[in-house]
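Here is the structure we will look at, set down as structure tokens.
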Amino acid sequence: MPTWFLPPDFSFSSDGPLQLGTVLSHPSRPTLVLASIDGSSHPEIVLPKVDTVTEKNHTHSNSRSQSNEFSIWAKFLEVASTSIKTNVGSHAALTYGTADHQIKMFAQPFSAEALLAISNLPAVRGQIDSGMFGKRPLYVVSGLRIAQQSFEVKTEVGSNFNTELSGSGPAAGGIAPVEVGASVAHHRAKTVTDSYNTAAGVVFAYRLHVVRPKRAGPQGELFSHKSAFMTGEGSGSEEPPIMVEADKQELKDDIEEEIEFTESTIGDDICISFDSEKGNGMAK
């Protein structure tokens, strides 16, 4: 399934800095652009053809709930007993209103010449060479989901706390012991709801491909070239780089970055949001 990344908020317009071919330092930081590749700024870099499709009437929701329940029993003098039952829970829901999505994606992989030219841009080269454990990867925006109309974003967060105390003991008087009991219950709940409407034409999600050295194991390669892309030299002395789709496994394998994220399924797609960004993060 394709992997899409949710921006920290819906303030990225379709004509803003987040465009196809934009080079990012990491998927979690779409505002930190290393380079914007377009015909005016870098006419020497030829990008692949772009395919555009429209998907009608997207409406999405996601929710989670959690409950912790435990009970405690104790006996007193073997004739009186008490039971404490506690339930603590929480729930969260996120709903996106209806909008048409225009999807823009590169139809073919990048050429070797284009990737080599991108890697040798000064800001990009500085990012590649800044790794503590080797060469850093590049993240290139390869797809955009653009909401054609304004839509509502609604979040709901709630919690509940329930406690029930029950006790029993022998009744006073009489020859045979008779058990009597009583119970006390307490319930507390809280729900907070927030909503707002986005502007029309905002970026709903973006798709990325990562350019990095080849690792061991099976890979879904889109690009591989003997030119030493990660060094800027054409010696061919290093392992060739590859270009693959950025997904959760790529995030986990990035030893330079340790960023928490959550993953959700929306239709046939996987959506990833980053826990450090509070805004529109999908709940697990």
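Close amide H pairs (under 5 Å, H built 1.01 Å from N) link residue 98 with 152, residues at least 5 positions away or on another chain.
In order along the range 18-25, phi translates into HN-Hα couplings of 8, 10, 4, x, 5, 9, 10, 6 Hz, rounded to whole numbers, per the Karplus curve 6.51 cos²θ - 1.76 cosθ + 1.60 with θ = phi - 60° and x for Gly and Pro. Here the Karplus relation 6.51 cos²θ - 1.76 cosθ + 1.60, evaluated at θ = phi - 60°, turns the backbone of the range 109-121 into coupling constants of x, 5, 6, 4, 5, 5, 5, 5, 5, 5, 5, 9, 5 Hz, with x for every Gly and Pro. For residue 266, the residues 5 or more places off, or on other chains, whose built amide H falls under 5 Å of its own are 271. In this structure, the amide hydrogen of residue 34, modeled 1.01 Å from its nitrogen in the peptide plane, lies closer than 5 angstrom to those of 23, 24, 25, counting only residues at least 5 positions away or on a different chain.
Values quoted throughout were computed directly from the atomic coordinates according to the rules given, and no laboratory measurement underlies them. This one's a predicted model, so the numbers in the text were calculated from it and none came from an experiment.
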